[in-house]
1. For each of H239, H295, H40, count neighbouring Cβ atoms within 10 Å of the residue's Cβ, then give the residues from fewest to most.
2. How long are the semi-axes of the ellipsoid equivalent to segment 309-376, from square roots of 5 times the Cα gyration tensor eigenvalues, in whole Å, largest first?
3. Can you give me the long-range amide H partners of K456? Hydrogens built in the peptide plane at 1.01 Å from N, cutoff under 5 Å, separation of 5 or more residues or another chain.
4. Using a Förster radius of 60 Å, what is the FRET efficiency between T144 and T516 based on their Cβ-Cβ separation? Nearest 0.05, please.
5. If you rank L163, L257, L321, L621 by fewest surrounding Cβ atoms within 10 Å, what's the result?
6. Quick check: residue separation of H107 and R310 times 0.36 nm, minus the Cα distance between them. What number comes out in nm?
7. Which distance in Å, rounded to a whole number, links the C-alpha centroids of segment 566-583 and segment 58-105?
8. Just how many % of Cα pairs in the chain lie over 40 Å apart, if you round to the nearest whole percent?
Amino acid sequence: MTTLIYSFFISPAKRVLSLLLFMIASFSLTAQPSSDTTVHVQKEEDFYTIQTVPIPEGILLEVGGMTFLPDDALAVSTRRGEVWIITNPYMKNGQRPSYKLFAQGMHEVLGLNYINGDLYAVQRSELTRLRDLDGDGEADEYKTVYSWPLAANYHEFAYGPVLDKEGNMIITLNLGWVIDHGESLSKWHGWMIKITPDGKMKPFAAGMRSPAAFALNDQGDIFYAENQGDWVGSGSITHVAEGDFVGNPASLVWSHLPGSTVTLKKEDIPDTGEPKYDVAKRVPGLKPPSVWFPHTILGISTSGILNYDRHGNMGPFQGQLFVGDQGQSKIMRVYLEKVKGVYQGVVFPFREGFSSGILRINWGSDGSMFVGMTSRGWGATGREKYGLQRMVWNGKSAFEMKTVKAQPDGFEIEFTEPVDPGSAKDVNSWKLSSFTYQYHHNYGSPVINQGTCPIKAIEVSPDRLSVRLVVDSLRLGYIHEIKAEGILSAERNTLLHNFGYYTLNRLPDGEKLAVTDANRVKTAHTHVDMPGNMKPGVAVNKAITTKHLTRQPADWVNGADRTITIGTRPGLKFDMETITVKAGSRIKLVFDNNDDMLHNFVITLPGAADRVGEAATRLGLNGEKSSYVPSMQDVLFHTRLLGPSEKEAIYFTAPSKPGDYQYLCTYPGHYLVMRGVLKVTR
């Protein structure tokens, strides 16, 4: 400004020259690239807000099902057999929602839907139509549409109904749990069935263990969510077509019955511990998952599925699926593609921090996402016993990997914003590896057959919205971990989530990318990663004999001073909340895992339980190999990770210093609730 004022007091020629020089200088300044090298770290709460919908005192809203009614009221079914109608769940104008009891006295309603003017509830033993005949807001008619037998086993849950594209109602039935494995104790349990509009039942597909949720994608194809268990190495979602067998052979006891769409028998399923994809090559009809969810990293109890259709408003991810997790109280995002007629795709983290275990998710009329939760008996990182929350997108765009698409020679990653070319072309910004799980009768599976996937070439698209990676050592049927920790946007934002897991079931045809001097990667620096992508200072616990003694020490000539046996009880609890021992006493402790889930028993220093539990969660892919026990001074003694009905004895000398020590199960998702106090006295 000073230059301009001065120019009016000089000659016209000089004035023009001065003005021209000023304009050139100004242009040069604005045209300079920004010297700002600040990296902007994104957080989930910067884009997606979680609001709690208040629940009146005395209403135990353990959400089992949710559906919206035409007047925008939300109907919620509960595990206690009730249906509540919630008016104004959006809390518009700052007003609290109102609750009215619509139906009650049913048996654990884990599914609810509004179909053709009526509410349909799935109880443990039947599909029920609910009607308010006199208009007083309460159900007068509870009509059985279709029922199925039960064996009174606590694990015989039932879910649905979801309407398919032909107008049939889809229902899934859980296996029962017997000692240490699932069994189909009642007809059609472990199956997906369909109920026609005229009330007839058709068996549709078999092989399910705990199919807690299912939904249709934009094409009307059915996807169901499965939880880790026997014959299930990790959580997953799988495309289900008529006649499919999706893995658990217990359901095949009914395959000989009239109407069965599956011809396999239990004895047709090998129990070799090979990858499921490899077994499927030899067993026609066995279908591997469309997308695996690596256990403890992207959930431990895969639950509700929600298609991002025209009803949603949750960022630039239309056509993808959102999938909840009950055990880790979070939501993942899935991009699917169909290659050679087979579904496959990638799963990313999306939003964590919900207040309880997520079971159901629905779109509100404004595109927000309603999240229904419960944790009683199942446990969750969200510490509330139940809850109802609403997630709202604020309209700001997060820098994310939007999609990953398989290529004949690698992957193409699409981003929500242009990438910084320098970081994208740097091979050290990326790391790819692959692994899979065992397909066997055991509960879950450790990660097996891990391998690296070297990157040969990187090419950034002209619009900088996608990056093509030419990758060696791709393996069909394997989960491919794609880490992009060094990638920045053009605005120098970090990725909101810098990893995803792609399940590669088919390689597409097409032209491979020519590797040239321009895109060929330079030699990568050596990655020194700690097992399981752990944070520094946390390493895998390797046979620390003083902390995991399973034989009585030789110098215990007179044996243990005391023998303690501890088990479990429902709700992720030990059956003893307090154990009292004398300082320096010799202890034999027997942990009897009489539960239907994996558990360990870990004793820590006073006040260290949270630190140890958090470190165990960070063990990641290799956690199961170390029994989810991190190598830390905070850990004093521990058992190995025990499967259902297993037990183990450990021997230790109680600390010499009196105090309140802690014990817990460090299996991810359990440590927050499954704990107790070891009181050491003089």
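We did not get these values from a lab; they are worked out from the coordinates using the rules stated. The structure presented is a predicted model; accordingly, all values stated were derived computationally and were not measured. Every residue, glycine among them, receives a Cβ derived from its backbone with ideal geometry; neighbour counts consider all protein chains shown.
1. Values: H239 21, H295 29, H40 13.
Ascending number of Cβ neighbours within 10 Å: H40, H239, H295.
2. Numbers: eigenvalues 104, 51, 18 Å².
Value: 23, 16, 10 Å, ordered largest first.
3. V470, V471, D472
4. Numbers: r = 68 Å, r/R0 = 1.13.
It comes to 0.30.
5. On the way: L163 16, L257 10, L321 24, L621 21.
So the ranking, lowest neighbour count to highest, is L257, L163, L621, L321.
6. Numbers: separation 203, 0.36 × 203 = 73.08 nm, distance 3.39 nm.
That works out to 69.7 nm of additional length.
7. 37 Å
8. Values: 86725 of 232221 pairs.
Percentage above 40 Å: 37.
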